[in-house]
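The values are calculated or read from the model by the stated rules, or taken from the named source; none is laboratory data. Here the structure is a predicted model, which means the values were calculated and not measured. Cβ coordinates were reconstructed from backbone atoms using ideal geometry, including for glycine residues, and neighbour counts include every protein chain displayed. The area values use the complete protein model at the heavy-atom level, side chains included, leaving out ligands, DNA and RNA. Shrake-Rupley method; radii C 1.70, N 1.55, O 1.52, S 1.80 Å.
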Amino acid sequence: IARLGVRNQLLTRRDGGSHQWLTMDTYIDYFMQDPELQRDFSNLYNDLYWQPLPWMEVSLETQFPIAGTGSGFTEVATGMTFMPSDNWELSLNYRFLDNHPTLVDSNRFDIRAYTRINEKWGLDIYQQFELDDNTLELQQYTVHRDFDSWITSLGLLHRDNRTRSEYSVLLSFTLKEFPSINVPLTIDQKEQ
């Protein structure tokens, strides 16, 4: 696979350093041997990321078929993440998928809200809604506990698969930073 494209970046000075204010990538893949769909070229991709402020980011990712080539499907994914305060983060996302050869068409909206209760505890809520058939597909409620070098999370999840509902309990452990390890650089050898 050979990727051909252009990257554009607008930088600004912020807090004594450079900050990527706007980034746009436009590219297409040329397949010497396509493992999936026997194509010569992929769709035309366009990824746009805009972060005008440290606490707000907007993204737009698209892919469209090119006449006579590509996969023939369209995808548009857009999102916005912002932090109204130091203890709150809100993320809104929308995804549209049409005519994909293997995935089901989708017109989906999701929202995630995270709040830090104090230095050790946090609460995360995630909901995913399919607009085509007005189904709340996924609900997840998670409590996070910070133990300095790692975080543990306990969550409850409900998934509506349209034919049946699934309920899950999630337990995860995330290592924030590796502990300090010293490896000896020399080895003592006895002379014989």
Practice task
Enumerate the pairs (first residue in segment 130-157 and in a strand (DSSP E or B); second residue anywhere and of a type in the set (K, R)) with beta-carbon separation below 6 Å, excluding pairs fewer than 6 apart on the same chain, so at least 6 apart or on different chains.
Solution key: E130/R108; L138/R159; D146/K120; W150/K176; T152/R145
Practice task
Can you work out which of the residues in segment 89-101 that are modelled with pLDDT under 95 and surrounded by fewer than 16 Cβ atoms within 10 Å (Cβ to Cβ) is nearest to L22 (Cα to Cα)?
Solution key: D98
Exercise for the section: Kindly provide the set of residues from segment 26-55 that are surrounded by 15 or more Cβ atoms within 10 Å (Cβ to Cβ) and part of a loop (DSSP other than H, G, I, E, B), ordered by number. Expected result: F31, D34, R39, S42, N43
Handout entry: Criterion violated by E75 - all others in (1) over 26 Å from L170 (Cβ atoms); (2) touching a Phe, Trp or Tyr at 6+ places or on another chain (Cβ under 6 Å) satisfied
Key = (2)
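In the set T12, T78, T23, T62, which member is in a strand (DSSP E or B) and either in contact with a His (Cβ under 7 Å, 6 or more places away or on another chain) or in contact (Cβ under 8 Å) with a residue 60 or more places away in the chain (or both)? Quick ask: steps written out before the conclusion?
Values: T78 fails: either in contact with a His (Cβ under 7 Å, 6 or more places away or on another chain) or in contact (Cβ under 8 Å) with a residue 60 or more places away in the chain (or both); T23 fails: either in contact with a His (Cβ under 7 Å, 6 or more places away or on another chain) or in contact (Cβ under 8 Å) with a residue 60 or more places away in the chain (or both); T62 fails: either in contact with a His (Cβ under 7 Å, 6 or more places away or on another chain) or in contact (Cβ under 8 Å) with a residue 60 or more places away in the chain (or both).
After applying the criteria, what remains is T12.
Applying the selection to segment 63-79, what residues are modelled with pLDDT of 90 or more, of a type in the set (A, V, I, L, M, F, W, C) and in contact with an Asp or Glu (Cβ under 7 Å, 6 or more places away or on another chain)? Give the steps one after another, and end with the answer.
If we filter segment 63-79 for residues that are modelled with pLDDT of 90 or more, which is where we start, we get 63-64, 74-79.
Imposing the further condition that a residue be of a type in the set (A, V, I, L, M, F, W, C) reduces the set to 64, 76-77.
If the condition is that a residue be modelled with pLDDT of 90 or more, of a type in the set (A, V, I, L, M, F, W, C) and in contact with an Asp or Glu (Cβ under 7 Å, 6 or more places away or on another chain), then A77 is the only one that fits.
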Exercise for the section: Examine segment 7-20 for a residue that is over 30 Å from E130 (Cα atoms), of a type in the set (D, E) and either out of contact with any Lys or Arg (no Cβ under 6 Å at 6 or more places or on another chain) or surrounded by fewer than 16 Cβ atoms within 10 Å (Cβ to Cβ) (or both), and state whether such a residue exists. Expected result: yes
Handout entry: Odd one out for S85, checked against (1) farther than 30 Å from L123 by Cα; (2) loosely packed, with under 11 Cβ neighbours inside 10 Å
Key = (1)
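Return the only residue of I125, I117 being open to solvent by 80 Å² or more (accessible area, probe 1.4 Å) and of a type in the set (A, V, I, L, M). Step through it out loud before you land on a result.
Numbers: I125 fails: open to solvent by 80 Å² or more (accessible area, probe 1.4 Å).
Just one listed residue meets the conditions, I117.
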